[in-house]
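Each remark here refers to the structure printed beneath this line.
The values are calculated or read from the model by the stated rules, or taken from the named source; none is laboratory data. For clarity, every value in this text was computed on a predicted model and none was experimentally measured. Cβ placement follows ideal geometry from the backbone for every residue including glycine, while neighbour counts extend to all protein chains displayed. Surface areas here come from the heavy atoms of the whole protein model, side chains and all, with no ligands, DNA or RNA. Shrake-Rupley method; radii C 1.70, N 1.55, O 1.52, S 1.80 Å.
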Amino acid sequence: MSARLRLGLTIAAATATLTSLVAPSASARTASARTASPSVPSVSARAASAVSGRAVSEPPGTVVLDGGRLRRTRARLEKGDHRLAGVLRKLTARADNWLDQGPWTVVDKPRPAPGGDVHDYLSQAPYWWPSRPATADNPWGCPYVQRDGQRNPEVDTGTDRQDVEKVFDSTYDLALAWYYTGEKRYAVKAAQVLRTWFLDPATRMNPNLDHGQFIPCKYDGRAIGVIDFSQSYTSVLDAIALLDTGAPGWSRRDRAAMLAWNTGYRDWLTDSAFGKEEGAARNNHGTFYDMQLAALAYATGDKGLARRTVLAAGALRVDPQIAADGGQPQELARTRSWHYSTFDLVAYTRLAEIGRKVGVDLWAYRGPDGQSLFKAVDYLLPAATGAEPWGRPELEFHRFAASDVVRAAADAGDRAARAAVPRLEAPPGGDLWELRPAAEQLDSIAG
């Protein structure tokens, strides 16, 4: 289960329990309002105070998120928008939960990557299982065999996968919370997490994924391990852009060092054998590769590469991966067809947002058979709204998994998606779209 989904479920459960225990009656609320101490401001009041105390600045140079939209949203909070303040409370609840966790480091795993050093990232292939009982002569139970969609619990112990998900999710939530509230503790924590994982010499990760999704007794690493980063690392790039607007605890030296790390990682993606192989994939791996590469190119100043990557995605990705009716045949063939259909569209919609910044409208692209991102989203609408059951194989259906991609299509002008928005199911922890309007993977492959 992803770190963010685990956190959302925890917050949702805690909120429900707290509400049932302490929710006052209407008369009690009225009395409380008359006697409440003015020294404890609401979230909206704190946000307005903090934001108004900051100098007017340029929009953040975010990669996927729309910086201008974020600045306008912050201005609405400053003016006391009560509805947005309610959404902000959900965001700060997430951020508050990260404050006493971490920081995490790649050097904490019990043993280094096979053939690598402790600073190399290591993860294990999730759907590969031992075929024999472990023995002294065969401690792994080799050979390993694949069970598509069934996650081996071994992958969550002894590798860096769960920790790096916490790095991605925490920095995003914390940076957004700081941007909207101005509260120093959020920025300081986000900076600590980033420095520990990426920058400090004793704890930093090397900028490569040479040992992603290894299979015991078979491969020391595989190209598809790139997706460990590509599915969420753009959130880190946006978090950095938010901190770069003047966050306390995030220095010019940090900013320069992070730029150097991202440049090194971008070059590994374009030049390494694993990077090239992943870029050649013709399913969601290829889509996410393009999204990550375009984001890194934009963040490191190579806007030409970012533009070329988005431009090529029409013929390279949309044409072969989306059918005329909007279905995604390669994802529909999976045992988690709903998950992977929404998952691939997370990459497409985020790539389209990067495209806006470099003058490419991927939403407007039409393939030779009429394929488009709008059609791919519309294909999901009956199940996303609960109007019809999902008629394809799915080991664990979550209707809310499609909510963000539908919101993205609605914002891009899809009338059917816009009409569907009121009937979407909110994910655990609440709908944060108005504060971070970019699609996320809302369900979990882990269950």
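Some notes on this structure:
- Search result, residues across segment 226-277 that are basic (Lys, Arg) and within 21 Å of LEU65 (Cβ to Cβ): ARG255, ARG266
- Here GLY327 fulfils each of the conditions (1) in contact with a helix residue (DSSP H, G or I) (Cβ under 7 Å, 6 or more places away or on another chain); (2) at negative phi apart from (1).
- Counting residues in segment 367-374 that are within 26 Å of SER170 (Cβ to Cβ) and either open to solvent by 60 Å² or more (accessible area, probe 1.4 Å) or not in a loop (DSSP other than H, G, I, E, B) (or both) gives zero.
- Every pair of residues 6+ apart whose Cβ atoms lie under 7 Å, when the first sits in segment 382-411 and is more than 19 Å from LEU362 (Cβ to Cβ) while the second is among the polar types (S, T, N, Q) and open to solvent by 20 Å² or more (accessible area, probe 1.4 Å): PRO393/THR335; LEU395/THR335
- Segments classed as helices (runs of 4 or more DSSP H), wholly inside segment 250-352, with at least 2 members that are open to solvent by less than 30 Å² (accessible area, probe 1.4 Å) and more than 20 Å from ALA438 (Cα to Cα): 252-271, 273-279, 329-332
- In segment 92-128, of all residues being over 17 Å from ILE224 (Cα atoms) and of a type in the set (A, V, I, L, M, F, W, C), the one that is modelled with the lowest pLDDT corresponds to VAL118.
- Test: ARG418 is outside any loop (DSSP other than H, G, I, E, B), open to solvent by 10 Å² or more (accessible area, probe 1.4 Å) and free of Cβ contacts under 8 Å to residues at least 12 places away in the same chain: yes
- Criterion: touching a residue at least 12 places away in the same chain (Cβ under 8 Å) and over 30 Å from GLU154 (Cα atoms) - qualifying residue of TRP268, TRP250, TRP261: TRP250
Okay, residues lined up against (1) assigned to a helix (DSSP H, G or I); (2) closer than 23 Å to PRO248 by Cα; (3) open to solvent by 50 Å² or more (accessible area, probe 1.4 Å); (4) of a type outside the set (Asp, Glu):
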| site | (1), (2), (3), (4) |
| --- | --- |
| TYR121 | no, no, no, yes |
| ARG132 | no, no, yes, yes |
| GLN150 | no, no, yes, yes |
| GLU154 | yes, no, yes, no |
